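Have a look at the structure below, then the notes.
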Amino acid sequence: MKIDDLLNSRSEWLKGEGPGSNIAISTRVRLARNIKGHLYFNRADGNERKETLDAVCSAIEKSNFFKNALFLKIKDTTELDRDFLIERHLMSKEHAHQVESKGLIIEDKEILSAMINEEDHIRFQVMQSGFNLMEAWRIIDEVDDEVGKLIPFDYSDIFGYLTSCPTNTGTGLRASVMLHLSALVMTDQIDTVFDAISKLGLTMRGFYGEGTEALGDFFQISNQVALGHSEMDILDNLERIIKKIITREKETRKNLMQKSKKEISDRIFRSYGTLKSARIITSSETIKLLSAIRLGADLGLIDKIDTDRINEVLLLSQPAHLQKSNGKSIPPYERDIKRADLIRKILGVDENNK
């Protein structure tokens, strides 16, 4: 298995399946773990970091969960490879910097992955399509138990699992759900939602997680702190609040259809028309237009394009995916042209009508 092989597979987070997948795009659960007897990444020198990388990879190779996995040393990847992996939500932007002695392990179905020597020695990650917190937790809990028998994690009877960032200490758990909240954005309710969840121990992030902007009305909502909370406390709190946000989004969509159907339809079909006819288009514009079309498909206004194709365009039109598909680095302006060509092809536009 190689990085380029991922081009031919369906990324788990965009399958368009699972509970509530019309609004909840995907669920992600991460666990931070450090190895007993090894200096933490931010305090270790180059030799210590390499020893940790080798020790972790050696242990994980014995795991049944990673039997058919791709093992990568980040220093051996290109910048384009790293951008590609970030776009697939398989690693963080932070992991793409200071690449010496860092690793990434990807299980062949892209459900499970592990970043080695990011902020902590190991960041296990499980992705599920739709709103599927408990299933994601079940998988990662089993992985954690198995790998913990193969290599000792740093654990305190008083504080729990020890992590580089104090807010993660205890469980080391970060859980998030990516939501498509077009109606709440359109009706200027999104800031109210953000303010409300921040008071409840949650945070709202952009399309690629922490430190990124919201694109196309897609938001990741996650717990802020693990310290002092059990795994079930964190998951139950997140699940309860996500359900309320989904309900509010559904109600707002219903109200929009009752009161502003013409205006909503106009916005959606203008977006659809632009994607079908554009000859030059940027990545950010594509995401915004696809967001409108996704809303239109869910509301039953557009029946010519299903969620699978919307998801396919969303992923393959990203800069690194576009370049990997073409087998080379492409300057931005040429990418915008090729992106427009790709979108028309996926949407089935008749090129004889130029």
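The values are calculated or read from the model by the stated rules, or taken from the named source; none is laboratory data. Because the structure is predicted, anything quoted here is derived from the model rather than measured. All Cβ positions, even for glycine, are placed from backbone atoms using ideal geometry, and neighbour counts span all protein chains on display.
Does Phe219 fit the bill of being among the aromatic types (Phe, Trp, Tyr), over 30 Å from Cys57 (Cβ atoms) and not in a helix (DSSP H, G or I)?
Criteria met by Phe219.
Would you point out which residue out of Arg88, Arg138, Arg123 is over 20 Å from Asn168 (Cβ atoms), at pLDDT 95 or above and of a type in the set (D, E, K, R)?
Of Arg88, Arg138, Arg123, the one residue that is over 20 Å from Asn168 (Cβ atoms), at pLDDT 95 or above and of a type in the set (D, E, K, R) is Arg138.
Determine which member of the set Gln189, Gln220, Gln224 is surrounded by 22 or more Cβ atoms within 10 Å (Cβ to Cβ) and out of contact with any Pro (no Cβ under 8 Å at 6 or more places or on another chain).
The conditions single out Gln220.
Being assigned to a helix (DSSP H, G or I) and of a type in the set (D, E, K, R) is the filter; apply it to the range 281-313 and report the residue that is farthest from Gly130 (Cα to Cα).
Applying the filter and picking the extreme gives Glu285.
List the pairs whose first member sits in the range 100-114 and is within 16 Å of Thr77 (Cβ to Cβ), whose second member is among the hydroxyl-bearing types (Ser, Thr, Tyr), and whose Cβ atoms are under 7 Å apart, counting only residues at least 6 apart or on separate chains?
Leu104/Ser113; Ile105/Ser113; Ile106/Ser113
Exactly one of (1) more than 15 Å from Arg30 (Cβ to Cβ); (2) among the hydrophobic types (A, V, I, L, M, F, W, C); (3) part of a strand (DSSP E or B) is unmet by Ile105. Its number?
The single condition Ile105 does not satisfy is (1).
For residues that are more than 22 Å from the chain's Cα centre (by Cα) and crowded, with 20+ Cβ neighbours inside 10 Å, scanning just the range 54-76, find the one that is nearest to Leu112 (Cα to Cα).
Ile60
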